[in-house]
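Asker: Structure provided below as structure tokens; questions to follow.
Nothing in this text is a laboratory measurement; each read-out follows from the coordinates by a stated rule. Quick caveat, the model's predicted, so the values are computed rather than measured. Reconstructed Cβ throughout: ideal geometry from the backbone, glycine too, with neighbour counts over all protein chains shown.
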Amino acid sequence: MADLSVNICGIDFKNPIIPASGVFGYGREYEEFYPLSELGGIATKGTTGQKRTGNLSPRIAETPAGMLNSVGLQNPGIDYFIQNELPNLLTKDTVILANIAGASVEECAEVAKKLDSTEVHMIELNISCPNVKQGGAAFGTSCEMAEQVTAAVRKATKKPLIVKLSPNVTSITDIAKAVEAAGADAVSLINTLLGMRIDIRTKRPVLRNNVGGLSGAGIFPVAVRMVWQTANAVKIPVIGMGGVNTGEDAIELMMAGASAVQVGMAVFTDPYAPIKIIHQMHDFLDENHISSVRDIIGTVQPW
Ligand SMILES: Cc1cc2nc3c(=O)[nH]c(=O)nc-3n(C[C@H](O)[C@H](O)[C@H](O)COP(=O)(O)O)c2cc1C
């Protein structure tokens, strides 16, 4: 069988498949289905300085080939996570990526600082959330804000720092270069694409928040394009995600330049999706006589 192991920022992953932040909670619901040790890693639900209850319902809507969500960053807060969830996750023999967020640069740095004294393997900083102190635009939509929050989190922790980029920008490569310069050890992308649906009978937006993030198979080509552009623009590793449903999707994102792949919405339709994807990757590599998955990273040959 082909070797699926990868190394990102000095951390060994037994395979490149990681359930994405926000679709896997802190792992507990999925432990009933399979040992979490079968996964390359787990990106935990976005965690903030204080507990948050998230947005009002309805906050989920189906779309053709995907879904819209406006869950907001519902989470129990970083202290609860460190005391009650992280110890359990760290027994699972898989890489734990603590996804963090905040309403200000200071909050993001404070959360990272708290994680710095834990055994968590990596920090994934979500910069798609609003910078409340600066008018509410998402940190990840301007190079200046993205750089500022990355630099502050960089100062707060020695843990490998992945910055998770927002696709709702004109130039993903400018943002990626800005966070690389500010000290990110890796980038991950894409977060959800901003969308909206309207119930034409009530004239009300389907989501109580009016707008929400689009994920699922429908966004896969956008993810491939952005991963490819980013991998060609930065020297740090890229972790790809967005609409991955099969092992072949994961192979495609790795050919575009991803060193590992996160699986989001697919686990809602099939909790076994990450495990099936790992098996399908093995099948593809074996059928094509490729001995290591590392040999396919960035091998796309553009016209
Ligand atoms: C219900 C839901 C909640 C999410 N919560 C978070 C979050 O807390 N932090 C984050 O960085 N991304 C969050 N995401 C974004 C996913 O991690 C992922 O970037 C996105 O959904 C694209 O991947 P997919 O098409 O495979 O779902 C969430 C996505 C969904 C569907």
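Asker: Can you work out which of the residues in region 79-110 that are in a loop (DSSP other than H, G, I, E, B) and in contact (Cβ under 8 Å) with a residue 60 or more places away in the chain is nearest to Ala156 (Cα to Cα)? Quick ask: steps written out before the conclusion?
Answerer: Restricting attention to region 79-110, the residues satisfying the condition of being in a loop (DSSP other than H, G, I, E, B) are 90-94, 101-104.
From what's left, in contact (Cβ under 8 Å) with a residue 60 or more places away in the chain: 92, 94.
Numbers: Lys92: 26, Thr94: 24 Å.
My answer is Thr94.
Asker: Is it the case, given these coordinates, that Asp270 is away from the ligand (no atom under 15 Å from the Cβ) and of a type in the set (D, E, K, R)? Talk me through it step by step, then tell me what you get.
Answerer: Values: away from the ligand (no atom under 15 Å from the Cβ): no; of a type in the set (D, E, K, R): yes.
It is false that Asp270 is away from the ligand (no atom under 15 Å from the Cβ) and of a type in the set (D, E, K, R).
Asker: Only residues that are under 18 Å from the mean Cα position of the chain (by Cα), over 16 Å from Ala266 (Cβ atoms) and hydroxyl-bearing (Ser, Thr, Tyr): list them for region 10-42, please.
Answerer: If the condition is that a residue be under 18 Å from the mean Cα position of the chain (by Cα), over 16 Å from Ala266 (Cβ atoms) and hydroxyl-bearing (Ser, Thr, Tyr), then Tyr26 is the only one that fits.
Asker: Before we move on, is Ser21 out of contact with any helix residue (DSSP H, G or I) (no Cβ under 7 Å at 6 or more places or on another chain), under 28 Å from Glu287 (Cα atoms) and either more than 14 Å from the ligand (Cβ to nearest atom) or part of a loop (DSSP other than H, G, I, E, B) (or both)? Can you show your working first?
Answerer: Numbers: out of contact with any helix residue (DSSP H, G or I) (no Cβ under 7 Å at 6 or more places or on another chain): yes; under 28 Å from Glu287 (Cα atoms): no; either more than 14 Å from the ligand (Cβ to nearest atom) or part of a loop (DSSP other than H, G, I, E, B) (or both): yes.
No: the conditions fail for Ser21.
Asker: Give the residue that is nearest to the ligand (Cβ to nearest atom), with candidates limited to residues of region 159-180 that are in contact (Cβ under 8 Å) with a residue 24 or more places away in the chain and hydroxyl-bearing (Ser, Thr, Tyr).
Answerer: Within region 159-180, the first condition is being in contact (Cβ under 8 Å) with a residue 24 or more places away in the chain, and the residues that meet it are 159-169, 172-180.
Of the ones still in play, those that are also hydroxyl-bearing (Ser, Thr, Tyr) are 166, 173.
Details: Ser166: 9, Thr173: 18 Å.
Top of the filtered list is Ser166.
Asker: From (1) in contact with a helix residue (DSSP H, G or I) (Cβ under 8 Å, 6 or more places away or on another chain); (2) closer than 22 Å to Thr269 by Cα; (3) surrounded by fewer than 16 Cβ atoms within 10 Å (Cβ to Cβ), pick out the condition that doesn't hold for Lys113.
Answerer: (2)
Asker: Going through region 157-185 one residue at a time, which ones are of a type in the set (A, V, I, L, M) and either surrounded by fewer than 24 Cβ atoms within 10 Å (Cβ to Cβ) or touching a helix residue (DSSP H, G or I) at 6+ places or on another chain (Cβ under 8 Å) (or both)?
Answerer: Leu161, Val163, Leu165, Val169, Ile172, Ile175, Ala176, Ala178, Val179, Ala181, Ala182, Ala184
Asker: Under the condition of being buried (at least 21 other Cβ atoms within 10 Å of the Cβ) and not in a strand (DSSP E or B), which residue from region 46-72 is nearest to the ligand (Cβ to nearest atom)?
Answerer: Here the residue is Gly46.
Asker: Continuing with the same structure: Hey, which of the strands (runs of 3 or more DSSP E) in region 182-243, taking only ones fully inside, have at least 1 residues that are farther than 23 Å from Asp12 by Cα and within 16 Å of the ligand (Cβ to nearest atom)? Don't jump to the end; show me each part of the working.
Answerer: Details: elements: 186-189, 193-195, 212-215, 238-241.
Strands (runs of 3 or more DSSP E) meeting the threshold: 193-195, 212-215.
Asker: Moving on to the next point. Looking at region 116-137 only, could you name the residues that are away from the ligand (no atom under 15 Å from the Cβ), touching a Lys or Arg at 6+ places or on another chain (Cβ under 9 Å) and aliphatic (A, V, I, L, M)?
Answerer: Val120 - this is the single residue of region 116-137 that is away from the ligand (no atom under 15 Å from the Cβ), touching a Lys or Arg at 6+ places or on another chain (Cβ under 9 Å) and aliphatic (A, V, I, L, M).
Asker: On the given criteria, is Tyr34 within 21 Å of Ser188 (Cβ to Cβ) and not in a strand (DSSP E or B)? Don't jump to the end; show me each part of the working.
Answerer: On the way: within 21 Å of Ser188 (Cβ to Cβ): no; not in a strand (DSSP E or B): yes.
No: the conditions fail for Tyr34.
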